[in-house]
Amino acid sequence: MYTFSGINTNEIEVLSSKFIAIFFGVKNKEEFDDKLIDIKKEYKKAKHYCYAYKLETSSKSSDDGEPKGTAGRPMLELLHKKDLVNVGLVVVRYFGGKKLGASRLLRTYVNVANEVINKSELLLVMKM
């Protein structure tokens, strides 16, 4: 199992829409909620704030208005696949005026999320 203690970002643009992934460590749901509020303040003109978080005892995701199953759930599955714990992942989207379609949208969210995780220095969690 792995975790992350810092904060990292990654940005891509697809058909004039800008996707910004923010990956960070959290200890509990309240800490994640506070970070999400901060992100919404920092990127206040964005259209969507899709997210996933995974703690030791719980996890949650949100598509935040994107078509169902195209953002939050795939990002949460990525956190499970990479065996991550006590982390949060938010992808902020500035809509560029062109619809991407569900499959391209899903691929874009997963790609930007995967890239930010891959460039982050993950820490091994020792279980007692």
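Given Phe19, Phe4, which one is in contact with a strand residue (DSSP E or B) (Cβ under 8 Å, 6 or more places away or on another chain), within 11 Å of Tyr94 (Cβ to Cβ), touching a residue at least 60 places away in the same chain (Cβ under 8 Å) and hydrophobic (A, V, I, L, M, F, W, C)?
On the way: Phe4 fails: within 11 Å of Tyr94 (Cβ to Cβ).
Within the list Phe19, Phe4, the selection yields Phe19.
Condition check: crowded, with 18+ Cβ neighbours inside 10 Å, touching a Leu at 6+ places or on another chain (Cβ under 9 Å) and modelled with pLDDT under 95. Does Leu89 satisfy that? So Leu89 fails the test. Close Cβ contacts (under 7 Å, 6 or more residues apart or on different chains) running from residues in region 108-120 that are crowded, with 21+ Cβ neighbours inside 10 Å and modelled with pLDDT of 95 or more to residues that are assigned to a helix (DSSP H, G or I) and not hydrophobic (A, V, I, L, M, F, W, C) comprise Tyr109/Pro74.
Within the set Met75, Met1, the sole residue that is open to solvent by 60 Å² or more (accessible area, probe 1.4 Å) and either at pLDDT below 95 or among the hydrophobic types (A, V, I, L, M, F, W, C) (or both) turns out to be Met1. All of (1) open to solvent by less than 60 Å² (accessible area, probe 1.4 Å); (2) within 18 Å of Asn10 (Cα to Cα) hold for Asp63 with one exception: (2).
Looking at Met126 and the list (1) open to solvent by less than 60 Å² (accessible area, probe 1.4 Å); (2) of a type in the set (A, V, I, L, M, F, W, C); (3) modelled with pLDDT under 95, which single condition is not satisfied? Only one criterion in (1) open to solvent by less than 60 Å² (accessible area, probe 1.4 Å); (2) of a type in the set (A, V, I, L, M, F, W, C); (3) modelled with pLDDT under 95 is unmet by Met126, namely (1). Listed by first and then second residue, the pairs with beta-carbon distance under 8 Å, at least 6 apart or on different chains, first residue in region 70-89 and closer than 14 Å to Ser120 by Cβ and touching a residue at least 12 places away in the same chain (Cβ under 8 Å), second among the hydroxyl-bearing types (Ser, Thr, Tyr) and buried (at least 19 other Cβ atoms within 10 Å of the Cβ), are Leu79/Tyr53; Val87/Tyr53; Gly88/Tyr51; Gly88/Tyr53; Leu89/Tyr51; Leu89/Tyr53. Listed by position, the helices (runs of 4 or more DSSP H) enclosed by region 11-128 that each have at least 1 residues that are of a type in the set (Phe, Trp, Tyr) are 29-42, 102-118. The number of residues in region 92-101 being touching a residue at least 40 places away in the same chain (Cβ under 8 Å) and open to solvent by 60 Å² or more (accessible area, probe 1.4 Å) comes to 3.
Among the residues of region 30-67, how many are among the hydrophobic types (A, V, I, L, M, F, W, C) and farther than 17 Å from Val85 by Cα? So the count comes out to 5.
Filtering region 17-26 for residues that are in contact with an Asp or Glu (Cβ under 7 Å, 6 or more places away or on another chain) and among the basic types (Lys, Arg) leaves a non-empty set.
The values are calculated or read from the model by the stated rules, or taken from the named source; none is laboratory data. Note that the structure is a prediction, hence the values are computed from the model and not measured. Glycine also receives a Cβ, built like all others from the backbone with ideal geometry; neighbour counts cover every protein chain displayed. Ligands, DNA and RNA are stripped out before the accessible areas are found, and what is left, the full protein with its side chains, is counted by its heavy atoms. Shrake-Rupley method; radii C 1.70, N 1.55, O 1.52, S 1.80 Å.
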